Amino acid sequence: MPDSIEQAGPVALVGSGEYLPVMQDVERRLLEGRPPRYVQLATAAVPDGDDVVDKWHQLGREQAERLGVECVILPVASRADADNPAIAALIGDPGLIYLSGGHPDFLADTLRGTLVWNTMVSAWRGGAALAGCSAGAMAMTQWIPSLRHPREGGTEGLGLLPHLRVIPHFDRFAARIPNVVDRFLIPGDENITVLGVDEDTALVGGPHDWVVQGTQSVWRLGREGREEFPVGSSLRTN
């Protein structure tokens, strides 16, 4: 299996809507031409309790059934799980790997440097699609600002996309937290592209060339303002 960035599959940074019918077409396109094996990881929801994790697992199963592909759930609730060879082996030869939403700091701290994460990256480099929704999208970058505690410094991300910083649910966050963009714009980070991804919307491609899919828009954000990229638009990042 090739293991170079040129052979890597697409990345999808999703604002919200994982496993729901509204995003079914996006997930179908990610699976096109790839093995019908849909690997799902709900680790970001672990701090919310077993019932919430089970809800994400059920939604994932339902989406896989709608898409007509095999659903593979990775039961990762701790770093011990993420370093378990038996769990990492479940990844196999996937068409799509999906990190769903919840707590981005917990997700990054649980996966960073582990066997499961390294196996996922290897599969992506070999051609599998890799998607992250909300917390999953935030965790793929180098640094995750704290939305709940703005005075805290944030968390080291997984580093797959070190040149990006992602604000999911952007339409909702921008309405509720007027200074949300300021929390993502750090002095000295001029080479980082800050992106807002609206709900039910995905930015697909990468690492630098992207297309907007879904129902709303993606926004390139800076201190001078914001630039909108509606569905169907192409976007190049640093």
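Do we have any residue at all in region 45-68 that's surrounded by 15 or more Cβ atoms within 10 Å (Cβ to Cβ), basic (Lys, Arg) and not in a helix (DSSP H, G or I)? No, there is no match, as no residue in region 45-68 is surrounded by 15 or more Cβ atoms within 10 Å (Cβ to Cβ), basic (Lys, Arg) and not in a helix (DSSP H, G or I).
Pairs meeting the criteria (first residue in region 190-215 and part of a loop (DSSP other than H, G, I, E, B), second residue buried (at least 20 other Cβ atoms within 10 Å of the Cβ) and among the aromatic types (Phe, Trp, Tyr), beta carbons under 8 Å, at least 6 apart or on different chains) are Asp198/Phe170; Asp198/Trp219; Glu199/Phe170. Of the residues that sit in region 1-56 and are charged (D, E, K, R) and in contact with a Ser or Thr (Cβ under 8 Å, 6 or more places away or on another chain), which one is modelled with the lowest pLDDT? Among residues in region 1-56 that are charged (D, E, K, R) and in contact with a Ser or Thr (Cβ under 8 Å, 6 or more places away or on another chain), the one modelled with the lowest pLDDT is Asp3. Checking each residue in region 45-88 for being over 18 Å from Ala108 (Cα atoms) and free of Cβ contacts under 8 Å to residues at least 12 places away in the same chain picks out Asp50, Asp51, Asp54, Lys55, Gln58, Glu65, Ala86. The numbered conditions (1) under 18 Å from Val26 (Cβ atoms); (2) surrounded by 20 or more Cβ atoms within 10 Å (Cβ to Cβ); (3) of a type outside the set (D, E, K, R) are all true for Ile167 except (1).
When region 179-220 is limited to residues that are more than 16 Å from Cys133 (Cβ to Cβ) and in contact with a Ser or Thr (Cβ under 6 Å, 6 or more places away or on another chain), the one that is surrounded by the most Cβ atoms within 10 Å (Cβ to Cβ) turns out to be Thr193.
Considering only region 85-115, state which residues are within 14 Å of the chain's Cα centre (by Cα), closer than 26 Å to Gly33 by Cβ and not aliphatic (A, V, I, L, M). Passing the criteria: Tyr98, Ser100.
Screening Gly136 with (1) surrounded by fewer than 24 Cβ atoms within 10 Å (Cβ to Cβ); (2) in contact (Cβ under 8 Å) with a residue 40 or more places away in the chain gives one miss only, at (1).
The values are calculated or read from the model by the stated rules, or taken from the named source; none is laboratory data. These numbers come from a predicted model, not from an experiment. All Cβ positions, even for glycine, are placed from backbone atoms using ideal geometry, and neighbour counts span all protein chains on display.
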